[in-house]
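Right, one structure below, let's go through it.
The values are calculated or read from the model by the stated rules, or taken from the named source; none is laboratory data. Since this is a predicted model, take the numbers as computed values, not measurements. Cβ atoms come from the backbone with ideal geometry, glycine included; neighbour counts cover every protein chain shown.
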Amino acid sequence: MNRDMNRDMNRDMNTVPYGFVKTLTNTPFEKVVEKVTESLKAQGFGILTEINVKETLKKKLDVDFRPYLILGACNPTLAHQAISGEAQIGLLLPCNVVVQEGKDRDVILSIASPKAMFSLVDNPAMQGLASEVEARLEKVMAEVSDSP
């Protein structure tokens, strides 16, 4: 493992300014993916995209990498409101959710902060929407808990 990756994985993962992060120590990778997908669905989000970084790096670069999955989550109603209010907001969609294997086979769940992403947009009407989306994603994060 290179030094930069080791540093990033050892950082206090709950403090990144652009998202929410939780480390799960007793739940297998696939179970975390299942739990977060179910919790997103309960909050009105579907998965539009699934990028398996491990498989892609192996296929394209013949590089071995830890399990790392990027899910593109979308709540159609909220996405419609966002796109209707700011035509180019699609550059910041969908909401990214990352499930990755960390040190000692812990699983790290990360969700991008809509407030942080939408802070790039000079449209005050988007801030209320970003707050609503963020509240839903915070519920998702809270619902995905460690289990043996």
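Results for (1) at pLDDT 95 or above; (2) under 19 Å from Lys41 (Cα atoms); (3) touching a helix residue (DSSP H, G or I) at 6+ places or on another chain (Cβ under 7 Å), shown as yes or no for each residue.
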residue: Leu61; (1), (2), (3): yes, no, no
residue: Leu69; (1), (2), (3): yes, yes, yes
residue: Cys74; (1), (2), (3): yes, yes, no
residue: Ile83; (1), (2), (3): yes, no, yes
residue: Ala87; (1), (2), (3): no, no, no
residue: Val97; (1), (2), (3): yes, yes, yes
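For segment 47-68, the tally of residues that are part of a helix (DSSP H, G or I), more than 17 Å from the chain's Cα centre (by Cα) and over 22 Å from Leu93 (Cα atoms) stands at 6. Checking the condition closer than 21 Å to Glu138 by Cα and assigned to a loop (DSSP other than H, G, I, E, B), which residue from Gly72, Gly44 passes? Of the residues listed, the single one that is closer than 21 Å to Glu138 by Cα and assigned to a loop (DSSP other than H, G, I, E, B) is Gly44. When segment 97-147 is filtered for residues that are among the acidic types (Asp, Glu) and in a helix (DSSP H, G or I), the ones remaining, listed by number, are Asp104, Glu132, Glu134, Glu138, Glu143.
Restricted to segment 61-97, and to residues there that are surrounded by 18 or more Cβ atoms within 10 Å (Cβ to Cβ) and of a type in the set (Val, Ile, Thr), the residue that is farthest from Val16 (Cα to Cα) is Ile89.
In segment 114-128, the residue that is surrounded by the fewest Cβ atoms within 10 Å (Cβ to Cβ) out of those that are in contact with a helix residue (DSSP H, G or I) (Cβ under 6 Å, 6 or more places away or on another chain) and either modelled with pLDDT of 95 or more or charged (D, E, K, R) (or both) is Lys115. More than 13 Å from the chain's Cα centre (by Cα) and surrounded by 13 or more Cβ atoms within 10 Å (Cβ to Cβ): is that true of Lys22 in this structure? Answer is no for this residue.
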